[in-house]
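This report concerns only the one structure given below.
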Amino acid sequence: MFRRILIANRGEIAVRIIRACNDLNIESVAIYSHADRDSMHVKMATHTYAISEDPIKGYLDSDLIIQAAKEMEAEAIHPGYGFLSENALFAKKVKEAGLVWIGPDSEVIAKMGDKNAARNLMITNGIPVVPGTEPLNTLSLYEIQKIARKIGYPVILKASSGGGGRGIRVVWEEKDLESSFEACKREALTFFKNEDVFMEKYIQNPRHIEFQILADNYGHVIHLFERDCSIQRRHQKLIEIAPCPTMSTDLRRRMGSVAVGAARAANYTNAGTVEFLVDDYNNFYFMEMNTRIQVEHGVTEEITGFDLIGRQIRIASGEILDITQSDVHIQGFAIEARINAEDVHNDFVPNPGKITAYYPSLGPFVRVDSYIYKDFIIPPFYDSMVAKLIVRATSYDLAVKKLKRALNEFKIRGVKTTIPFLINICNDKDFRRGNFDTSYLEQKVESLMPQESRDDSDLVAAIAVALTCGLEESVK
């Protein structure tokens, strides 16, 4: 087992990894930017390392992070999610530096990170995929139009190296194909430094279902059942549920078997997620494989009883996976609600600032994963998620009721959050019945809007964050 691990991340996931390290009696090293100097993960870690004055650069500089790991005498690096977690070159550099990468091999990350290569691998191994194409960038507009007609509108354009909802355009009519293709290329180049774009048949209003995988270095692969991630806004997940409340036992068995087959085809090790689209007729199609821990891993932990971060560390240290598929059982239902510091009435724009009061939910089978606390100033430079509220109950109906109760108890003052919006989702009859797909929020977002309320501390929070950013003149 490792003696010391460096965490190449920040915020909530860094806190979660530190806790797993503590459980395993492993020392942790937290890296941080100047903007993150008061973050919870810095306060909790065994050791800390100031990685950069710049709020972003240090978390994206692989050489700097490896240097920090060596200076701090860490033996392994855990990348968390986001930032460099799916960067194959970083994973390769970590290994070449004599350190252990807590995740799959760099070759697997590269292969599964290229959506087209992953797709071809799945086709070769008999895994069902959505009808689609190779990258389109070398083709003429006429040729692209011809392919789209053959596939049949609507089609979806995707960045080959994409993820996180970036580099995606749905095209409903041929007249919009050229402009959407150009926009998709620009976004792909901006976010992924790779403008390759491919096309798929757009499956209208599917469910987004993902299976959690664990695989050791000795050929043992299992799944820990599924999560329903259909509640999304602009391809960003808001609520995740395990297991899917409307999935039959037979479909779960078939999809689980295919997910394990996909992981084996990729020679996958460590924790990963195989993502599918499921249509109205229970046809399912491989979408992608995420080669990292997911934000929503907690709901899987709650329904199975297995610590996924702990398992990641143990597998990376060389342990054999000591659980078989028959050891994994579903225990009730778990729901995760992502709480974001956003102004829902202003197109969900991020709302950083000072937390003037913080009272997280408590009670039986209620879990909060967060990095904030009273008087903490949320920096404006990062993702707006500030907490994950996870509840578990014996049935889906009871889990929704528990989520609503916990959201009503959860108090964050000083910044606007999505809590009132999430409460309204809990009150919606379709959500309570499990009657939703990926179009749910697109269709209901206006009806789910909470009434506007004014918190007098908002102005104080805005001034505090401005001062933190060195913008004193803006508040004079």
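For the residue pairs Lys43/Lys416; Lys150/Lys237; Lys175/Lys201, the C-alpha atoms sit more than 27 angstrom apart in Lys150/Lys237.
Packing-wise, with mean Cβ within 10 Å as the measure, how do 297-303, 279-285 rank, highest first?
Details: 297-303: 24.7, 279-285: 14.3.
Going from most to least packed, we get 297-303, 279-285.
Rounded to the nearest Hz, the phi-derived 3J(HN,Hα) couplings of region 42-47 under the Karplus curve 6.51 cos²θ - 1.76 cosθ + 1.60 (θ = phi - 60°) are 6, 6, 8, 5, 5, 9, where x marks glycine and proline.
The residue among Tyr358, Pro379, Ile335 whose Cα reaches farthest toward the positive pole of the charge dipole of region 313-393, with charges on the beta-carbon of Lys, Arg, Asp and Glu, is Tyr358. In order along region 11-26, phi translates into HN-Hα couplings of x, 4, 5, 5, 4, 4, 5, 4, 5, 5, 4, 4, 4, 9, 6, 10 Hz, rounded to whole numbers, per the Karplus curve 6.51 cos²θ - 1.76 cosθ + 1.60 with θ = phi - 60° and x for Gly and Pro. Taking the 1.4 Å solvent-accessible surface of the chain as the whole, the part contributed by carbon and sulfur is 49%. From the alpha carbon centroid of region 22-60 to that of region 343-415 is 22 Å.
Which of the aspartates and glutamates could a cross-linker span from Lys70 if the Cα-Cα distance has to be under 17 Å and same-chain partners fewer than 8 positions apart are dropped? Reachable aspartates and glutamates: Glu27, Asp61, Glu96. When peptides 25-34, 56-65, 236-245 are ranked by their average number of other Cβ atoms within 10 Å per residue, the highest-first order is 236-245, 25-34, 56-65.
Of Lys158/Lys388; Lys115/Lys185; Lys354/Lys444, which sit over 22 Å apart, Cα to Cα? With Cα atoms farther than 22 Å apart: Lys158/Lys388; Lys354/Lys444.
In the chain, what percentage of the DSSP-assigned beta bridges are antiparallel, given to the nearest 5? Roughly 80 percent of the DSSP beta bridges within the chain come out antiparallel. Taking only the Cα atoms of the chain, the radius of gyration and Dmax are 22.0, 64 Å.
Contact order, relative form, for region 157-282: 25 percent (alpha carbon pairs under 8 Å, 6 or more residues apart, mean separation divided by residue count).
Provide the gained length on full extension for the span Lys429 to Leu251, in nm with one decimal, where the gain is 0.36 nm per separating residue minus the Cα-Cα distance. Spell out each step's value before the answer.
On the way: separation 178, 0.36 × 178 = 64.08 nm, distance 2.49 nm.
Between Lys429 and Leu251, full extension yields 61.6 nm more.
On a per residue basis, the chain carries 42 Å² of accessible surface, using protein heavy atoms and a 1.4 Å probe. Peptides 317-325, 258-266, 125-133, 66-74, ordered by how many other C-beta atoms sit within 10 Å of their residues on average, highest first, read 258-266, 66-74, 125-133, 317-325. Positive contributions from Lys and Arg (+1) and negative ones from Asp and Glu (-1), summed over other residues with Cβ under 13 Å from the Cβ of Asn25, come out at +2.
The values are calculated or read from the model by the stated rules, or taken from the named source; none is laboratory data. Computed from a predicted model, the values in this text were never measured in an experiment. Quick reminder, even Gly has a Cβ in these numbers, built from the backbone with ideal geometry, and neighbours come from all protein chains shown. To get the accessible areas, we keep the full protein, side chains included, count just its heavy atoms, and leave off ligands, DNA and RNA. Shrake-Rupley method; radii C 1.70, N 1.55, O 1.52, S 1.80 Å.
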